[in-house]
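Data block below; observations after.
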Amino acid sequence: KAIEKTRKVNVEAYDYYLRGRQHIHQLSRKSLETARKMFRRAIEIDPEYALAHAGLADCSSILYMKVDARESNLIQGDAASQKALDLDPDLAEAHVARGLAVSLRKQFDEAEREFETAMRLDPKLFEAAYYFGRARMSQGRYAEAAKLFERACILRPEDYQAPGFVAQAYSSLKMRAESEAAYRRQIRLVEERLDLIPDDARACVFGAAAFACLQDTEPSAALARRALAIDPDDPMLLYNVACSYAQLHRPDDALDCLESAVDKGYGHKEWIEHDSDFDSIRETPRFKAILETM
């Protein structure tokens, strides 16, 4: 009976863990908060479940990074990632969670060790390459970021986000042809996604950004409007629309969206500082003022 009870608890915890992972990939405030509830429920059922602690850490870190820059999210990401590692030091997902958490504190040497350990433990883990790439972008180490994002694209070929970050890294390296090719790859994946799920606001906004970077004005503006109509209050969505407008040389619209994104909780200042999408407005007083508020 004890074995059956343990097995039942583990299955139930795993079910909540899977639900959390399904929600976390949507990357909106609502979906991230729902994911956090799922991970917490899994931990209530099985307090020793390292994967659930890693999921909770990821959720808290991503909330801090994208939509809710409160210190409490940073603290929870730090604590939950350490708990996951304490429970299972050989779990690749725990090392990714730890790497992401400490990278947000600018502890990049520790983050590097964690991400590299995760990739050694599980070479096929998309999140390890993806979040390591984001950390490198935050440091302005674009060549390394490009390699990591290319690896992420191979690991999850249907993902429409990583190709955009590949393109950004190449753009920062002044590799125009490679950047344009990556953006066109992203557009194809976005269109495939929207054929399946027409109300995917995140796909819309990534498509808008890709078209904008290629200076294809009409489809970019149309997708930006479509994204805002679906979810007008999501900070990450507003941030990405701001990127599109900056690329389309609509500085006032770009600054309005960026300011709104920060007001609503977007808090990844280092990313903004190294995001080549904002090169056209980077020297404006209003852009600098927005950064000073963060």
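The values are calculated or read from the model by the stated rules, or taken from the named source; none is laboratory data. Every value quoted in this text rests on a predicted model; they were computed, and no experiment measured them. Cβ atoms come from the backbone with ideal geometry, glycine included; neighbour counts cover every protein chain shown.
What number of residues within segment 163-202 are of a type in the set (Lys, Arg) and buried (at least 23 other Cβ atoms within 10 Å of the Cβ)?
Initially, segment 163-202 is screened for residues of a type in the set (Lys, Arg), giving 174, 176, 184-185, 188, 193, 202.
Among the residues that remain, those that are also buried (at least 23 other Cβ atoms within 10 Å of the Cβ) are: 202.
Qualifying residue count, segment 163-202: 1.
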Evaluate segment 131-141: report whether one residue or more is over 18 Å from Lys269 (Cα atoms) and modelled with pLDDT of 95 or more.
-> no
Sole miss for Gly265 among (1) touching a residue at least 40 places away in the same chain (Cβ under 8 Å); (2) under 19 Å from Gly140 (Cβ atoms) is condition (2)
